[in-house]
Structures are given as structure tokens and as C-alpha cells.
Amino acid sequence: KLAKGSDDEVLTLASGVPSWAEGGSGGILQVKTVAVTTTQSETTGSPTFSDISGLTVDITPAATGNKIFILANLNVSNYPNYGIATRMMRDTTALNICTDTSGVITMATWGVTEEALHKGMTNVNMMFLDAPSSTSATTYKCQWTVETNGTCYLNRYYTEQNYVYDYRGASTLTVMEVASGAL
């Protein structure tokens, strides 16, 4: 008769012999999310980024080998002729950015030129699987910047004039702790 395993063990079968082994099937251990349902504007010029108010989540991983899956969904627009860039951050570290630096190029997770935006609201989806290698409280957040002298907006058209075809949206940031055995 096989003894009962502990809470963190699973029953395995190798060559017809059952045994208890440390669990590793993992899965999602915790989910934290925030939503911003109001409008904002930003005038900080590239290459300086600023936090998007309300799109910050704190999470404390249960084990150093666990990873954090980040999902950001932003609705942005810009004043004509100015590009927008956004990025995801872990504390003070920018995530999922190009490391091939050259000249004065702004390093961002997502960016769009002024020609691509026109006057409408654009949906920005960013995702990244981060390995913080920590069991300390960790802060994830979204930041943005706009070309110097420009203005960008969150959750609204830049030209908003109270017409039925002016739209507003909401923006969210979700982080999920993924157990190391799930990868």
C-alpha cells in the first residue's frame, strides 16, 4: 500500500511503479487587475515617460521561480502630428523593449507615428511573461510619452466635440502569477 503524499505532491507512475513526487503542474496562482474608466491627457515629451495614473498593480510572487504574465489594454489618441509610445514596467525596469539602442531613439513596448493615428482612438494591447525572480512585493505599471509639444489622451478621441461618433473607452492592466511548473 502506497502512503499518502503531502499537500504539494502528486502521484506519478513510472515503469508501472507509483510514487509521490513534488507537484509541478502549476497553473495560475493569483490574478490582480485594475481598470481606468476616466479620461486622461499627457504632454511629457519623448524620451521621458510618465506613469499612466491608475494603471499600477502590486503583486507578491509565492516563489522565485514563478513568472508574472502581464496584459495591458489601453485606448489612446493623439493631437495631430504627434506620435505616442507606451511601455510596461516592473518597478523601475522597462519590459519587452528593444535593446538595440542607437542615437536618440526612444525605447518603448509599443509606439505609433502621427500618420497612423489620425484623430481616432487606437487600442493598444501589450503582453509579456516576466521573470522577476523574487518573492518581494513587485509593482507593474504602464507608462506613456508623446512627441515634444504634443498631447496624447487615454480613453477618448483627441477631437472630442460631443458627437455620437466620438467614442470613449476603458483601459486595463492585469497581472497573473504563473507557477514555475506550468511553463
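The values are calculated or read from the model by the stated rules, or taken from the named source; none is laboratory data. Treat the numbers as computed from the prediction; the structure is a model and nothing was measured. Cβ sites come from the backbone with ideal geometry, for glycine too, and all protein chains shown count toward neighbours. For accessibility, only protein heavy atoms count, side chains too; no ligands or nucleic acids. Shrake-Rupley method; radii C 1.70, N 1.55, O 1.52, S 1.80 Å.
Details
- Gly45 vs. criteria open to solvent by less than 80 Å² (accessible area, probe 1.4 Å), at pLDDT below 90, more than 16 Å from the chain's Cα centre (by Cα) and closer than 30 Å to Gly103 by Cα: yes
- Checking each residue in segment 130-149 for being in contact with a strand residue (DSSP E or B) (Cβ under 8 Å, 6 or more places away or on another chain) and open to solvent by 30 Å² or more (accessible area, probe 1.4 Å) picks out Ala131, Ala137, Thr139, Lys141, Glu147, Thr148, Asn149.
- Selection from segment 152-180 of residues that are surrounded by fewer than 16 Cβ atoms within 10 Å (Cβ to Cβ) and farther than 30 Å from Pro132 by Cβ: Thr159, Glu160, Gln161, Asn162, Tyr163, Val164, Tyr165, Asp166, Tyr167, Arg168
- Breaking point among (1) assigned to a strand (DSSP E or B); (2) modelled with pLDDT under 95; (3) out of contact with any Cys (no Cβ under 7 Å at 6 or more places or on another chain); (4) aromatic (Phe, Trp, Tyr), for Tyr163: (1)
- Answer residue from segment 90-119, given it is in a strand (DSSP E or B) and out of contact with any Asp or Glu (no Cβ under 8 Å at 6 or more places or on another chain) and is modelled with the lowest pLDDT among those: Val112
Yes or no, residue by residue, for (1) in a loop (DSSP other than H, G, I, E, B); (2) of a type in the set (Gly, Ala, Ser); (3) surrounded by fewer than 21 Cβ atoms within 10 Å (Cβ to Cβ); (4) touching a helix residue (DSSP H, G or I) at 6+ places or on another chain (Cβ under 6 Å):
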position: Ile52; (1), (2), (3), (4): no, no, no, no
position: Ala63; (1), (2), (3), (4): yes, yes, yes, no
position: Ile68; (1), (2), (3), (4): no, no, no, no
position: Ala72; (1), (2), (3), (4): no, yes, no, no
